[in-house]
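Comments concern the structure below.
Every number here is computed from the coordinates shown, using simple stated rules; none is lab data. It should be emphasised that the depicted structure is a prediction, and the values quoted were computed from it without experimental measurement. When we count neighbours, we look across all protein chains shown, and the Cβ atoms used for this are built from the backbone with ideal geometry, even at glycine.
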Amino acid sequence: FDQEKVTVIFVLGGPGAGKGTQCERLVKDYGFKHLSAGDLLREERNRPGSTYGELITEYIREGKIVPQEVTIKLLENAMSSTLASPPSTDSAWSNGHGRFLIDGFPRKMDQALKFDESVVKSSFVLFFSTTEAILLERLLERGKTSGRDDDNKESIVKRFRTFVETSMPVVDYYRKLGKVVEIDSSPPIDEVYQKVRVEIDQRLS
Ligand code: UP5
Ligand code: MG
């Protein structure tokens, strides 16, 4: 993808930090295309004839990171088809331009390096931080209705461990590059979003 035309913002944070919730709002106000790596994996798992169905199910339940080849391919395909039929007629999407929120990716160093090198470099990283107690409460609450098979205590503990051991190094890597915008996502949704807007307005041309 052409670095000059395609803007990518990575949205990271622990499980339940509010990545999806904040992305939805940004889509409405800024015309981003929201691509959640987790959602793309769940779609691929449910696609009849998918080669990776069982593998994805297993990895998600165990809170492990699906091999990067699979996830990067899904993201690349989604980006290509979005650019081929843009979600709006806004100037942000004219002449092959586009702006993407990539949510929940990269969450392992190999994914980060591969995507930066072979897909496109991100502009910056929105990182939502809060405590594990808050994350747990949100996920258990959501688990009552989400139907997600990783919203149970056992999977949640595994997701937390993967986040600390495997995904935080990615955040730290981008932090050293000066690309991380950290936002406390403990307050109510609207309050967090106000802070997000300020940061996006400063950085989006
Ligand atoms: N909520 C949100 N914000 C709130 C606020 N400020 N105050 C009060 N409540 C708030 O929010 C979670 C819940 O909290 C909701 O009920 C919301 O209303 C409430 P949400 O916006 O859904 O949080 P999010 O950060 O998106 O949480 P999610 O569970 O989606 O995060 P995960 O990172 O765990 O899930 P994801 O779908 O990204 O990944 C799932 C799995 O896929 C991974 O564990 C992994 O196995 C696999 N995966 C890969 O292998 N590779 C990848 O690259 C990506 C995923
Ligand atoms: Mg999500």
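In table form, for the structure just shown:
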{"quantity": "Centroid-to-centroid separation of segment 42-90 and segment 118-172 [C-alpha atoms, Å]", "calculated": "18 Å"}
{"quantity": "Label-to-label distance, nm, for residues given as S129 and A84 (7 Å Cα→Cβ offset)", "calculated": "4.1 nm"}
{"quantity": "Segment 22-67: chymotrypsin sites (Phe, Trp or Tyr not before Pro) in DSSP coil with no more than 16 other Cβ atoms inside 10 Å", "calculated": "none"}
{"quantity": "Entries of K33/K73; K64/K176; K28/K64; K73/K179; K64/K179; K33/K64 with Cα pairs more than 29 Å apart", "calculated": "K28/K64"}
{"quantity": "Ascending count of other beta-carbon atoms within 10 Å, so fewest first, for V70, V157", "calculated": "V157, V70"}
{"quantity": "Burial ordering of D39, D103, fewest other beta-carbon atoms within 10 Å first", "calculated": "D39, D103"}
{"quantity": "Convex hull per residue volume in Å³, alpha carbons only, for segment 1-73", "calculated": "120 Å³"}
{"quantity": "MRE, 222 nm, helices only [DSSP H, n ≥ 4, -39500 (n - 2.57), over the chain, to nearest 500]", "calculated": "-16000 deg cm²/dmol"}
{"quantity": "Alpha-carbon gyration tensor eigenvalues x 5, square-rooted, for segment 105-205, Å", "calculated": "25, 20, 12"}
{"quantity": "Percent of C-alpha pairs per 5 Å bin, the chain, short to long", "calculated": "1, 7, 15, 20, 21, 18, 12, 5, 1, 0"}
{"quantity": "Rounded if a/c under 1.5, otherwise prolate or oblate - segment 158-205, Cα gyration tensor axes", "calculated": "oblate"}
{"quantity": "Total charge dipole magnitude, the chain, about the Cα centre, Cβ charges on Lys, Arg, Asp, Glu only, Debye to nearest 20", "calculated": "40 debye"}
{"quantity": "Signed unit charges on C-beta, dipole axis of segment 6-203, positive-most listed residue S118, Q68, F163", "calculated": "S118"}
{"quantity": "Loop trypsin sites (Lys or Arg not before Pro), segment 137-193, which have at most 15 other Cβ atoms in a 10 Å radius of their Cβ (DSSP)", "calculated": "R148"}
